[in-house]
Amino acid sequence: MDWSSATNLTNSLGASVVTDFSGLHWNPVNNRLYGVQDNGVVRVLQFDINTNSFSQIANRSISGGPEGITQANLYANEFYTIDETKYEIRRYTHSSNFSNLSLTLVCWLLLTGCIFQL
């Protein structure tokens, strides 16, 4: 596989500016690509297996300096980011259509051990 077989996602991301993706996560359960930008924007693309194309279903701002994004439970409406500014792991929960997005857990002091709060 090489770059010539890659899918260009530019049109799927909408008209707003995409700057410096700092993390991507693929969820094979619901065919979603989660992306986080250095400026705190989270984008989620839904893959449609019938049309073999992506469409953006979320474009939301979060606080901090997110550097990575992942999920612990592929079936849950939640994702985790790592904040490179405060050395925190943050859990965000969301509604199924991403109309509601909330910071629900912070694990901080990663250099000496996690302390959970929120």
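Results, tabulated for the structure shown:
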quantity: Cβ-based net charge around Gln46, under 15 Å, with every Lys or Arg adding one and every Asp or Glu removing one; calculated: +2
quantity: Environment charge of Gly64, counting only residues whose C-beta is closer than 11 Å and scoring Lys/Arg +1, Asp/Glu -1; calculated: -3
quantity: Dipole of the chain, positive end: most advanced residue of Ser96, Gly40, Cys107 [Cβ charges, Cα centre]; calculated: Ser96
quantity: For Ser53, distant residues with modelled amide H under 5 Å away; calculated: Asp48
quantity: Paramagnetic label zone (point 7 Å from Cα along Cα-to-C-beta, Asn11; backbone N under 14 Å) in the range 17-39; calculated: none
quantity: Length gained when the stretch Thr85-Asp48 is fully extended (0.36 nm per residue, less Cα-Cα span); calculated: 9.8 nm
quantity: Extension gain from Asn59 to Ser96, taking 0.36 nm per residue of separation minus the Cα-Cα distance; calculated: 12.0 nm
quantity: Unit charges on C-beta of K, R, D, E only; dipole of the chain, Debye; calculated: 300 debye
quantity: Cβ crowding within 10 Å averaged over residues, with 36-49, 92-105, 68-81 ranked highest first; calculated: 36-49, 68-81, 92-105
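Each reported figure results from applying straightforward, stated rules to the coordinates on display, with no laboratory input. Small disclaimer: the values here were computed from a predicted structure and weren't measured. Don't worry about glycine lacking a Cβ; one is built from the backbone with ideal geometry, like all the others, and counts go over all protein chains shown.
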